[in-house]
Amino acid sequence: MTKQIVSTNSSRPILAAEDDEGDAMLLRLAFKRAEIPHPLIVVHDGQEAIDYLFGNPPYADRTIYPQPALLLLDLKMPRLNGFDVLAWWAARPELRDLPVVVLSSSSHETDIDRARKMGAREYIVKPHGFAQLSKLMQELCGRWLSAMPA
């Protein structure tokens, strides 16, 4: 289980559930390049995402692992996939205000429709280039976090 906090400022983090270490590293670099003021916490499967959101160990200390301002969710992950996380999240009224954005390599209409019906606020197919990813993360955070304090 690997976790990494990209920033140490006191803003609410962005939680990314991403099992591919290469994609996770690109996401970290894109956040840094886009100068996003929110720390990025990466978990590597759906179960870790649920554990983080629910405050299960090792994420029980909310001073170290505060509730995220945004959840970026891959669909194809081990243990529990993104749809499993969406189903769990949808059943938690206390997490209703947490925006969930699916960031997946799948462009299948069935995946897109299913994720949206399950409550994902947005569905984004992962771009192929780093510059596109950086720009996308900046735009995404602008859309979903602009009303929140950094």
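Derivation of every value follows stated rules applied to the coordinates shown; laboratory data play no part. Only a predicted model underlies this, so the values are computations on that prediction, with no experimental measurement involved. Note: ideal-geometry Cβ built from the backbone for every residue, glycine included; neighbour counts use all protein chains shown.
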(message) Skipping prolines and chain starts, which residues have an amide H placed within reach, meaning under 5 Å, of the one on residue 16, given they are 5 or more residues away or on another chain?
(response) 41, 42, 43, 72
(request) With a point put 7 Å past each Cα toward its Cβ, work out how far residue 113 is from residue 125 in nm, to one decimal. (result) 1.6 nm
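Given the chain, what percent of its DSSP beta bridges are antiparallel, to the nearest 5? Each step should come with its number before you reach the end.
Values: 1 of 16 bridges.
Close to 5 percent.
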(message) Quick check on the exposure proxy: order 111, 74, 20, 45 from fewest to most C-beta atoms within 10 angstrom.
(response) 20, 111, 45, 74
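Please go through the range 61-115 and write out the trypsin sites (Lys or Arg not before Pro) that DSSP classes as loop and that have at most 16 other C-beta atoms within 10 Å. Provide the component values of the computation, followed by the final result.
Details: sites: 62, 76, 79, 96, 114; in loops: 62, 76, 79, 96.
When the trypsin sites (Lys or Arg not before Pro) of the range 61-115 are filtered for loop state and at most 16 Cβ neighbours within 10 Å, 62, 76, 79, 96 remain.
How do 15, 98 rank when sorted from fewest to most other Cβ atoms within 10 Å of their own Cβ?
Working: 15 26, 98 16.
Ascending number of Cβ neighbours within 10 Å: 98, 15.
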(message) If the elastic network links every pair of Cα atoms under 10 Å, which of 30, 131, 69 fluctuates the most in the Gaussian network model of the chain?
(response) 131
(message) Residue by residue through the range 51-56, what is 3J(HN,Hα) from phi via Karplus (6.51 cos²θ - 1.76 cosθ + 1.60, θ = phi - 60°)? Round to whole Hz and write x for glycine and proline.
(response) 4, 4, 4, 7, x, 6
(request) Scan around residue 34 for amide H atoms under 5 Å from its own, H built in the peptide plane at 1.01 Å from N, and keep only partners 5 or more places away or cross-chain. (result) none
(message) Show me, for the range 40-45, the HN-Hα J-couplings you get by feeding each phi into the Karplus relation (A = 6.51, B = -1.76, C = 1.60, θ = phi - 60°), rounded to Hz, glycine and proline as x.
(response) 10, 10, 10, 10, 10, 6
(request) Would you mind computing, in nm to one decimal, how far apart the modelled labels at residue 76 and residue 138 are, each placed 7 Å from Cα along Cα→Cβ? (result) 3.0 nm
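If each DSSP helix of 4+ residues adds -39,500 (n - 2.57) and the sum is divided by the residues in the chain, what number results at 222 nm, nearest 500 deg cm²/dmol? Write out the running numbers ahead of the final one.
Numbers: 5 runs with 56 residues, N = 150.
The per-residue figure over the chain is -11500 deg cm²/dmol.
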(message) Assuming a strict under-23 Å limit between Cα atoms, what lysine pair count do you get for the chain once near-sequence pairs (fewer than 8 apart, same chain) are dropped?
(response) 9
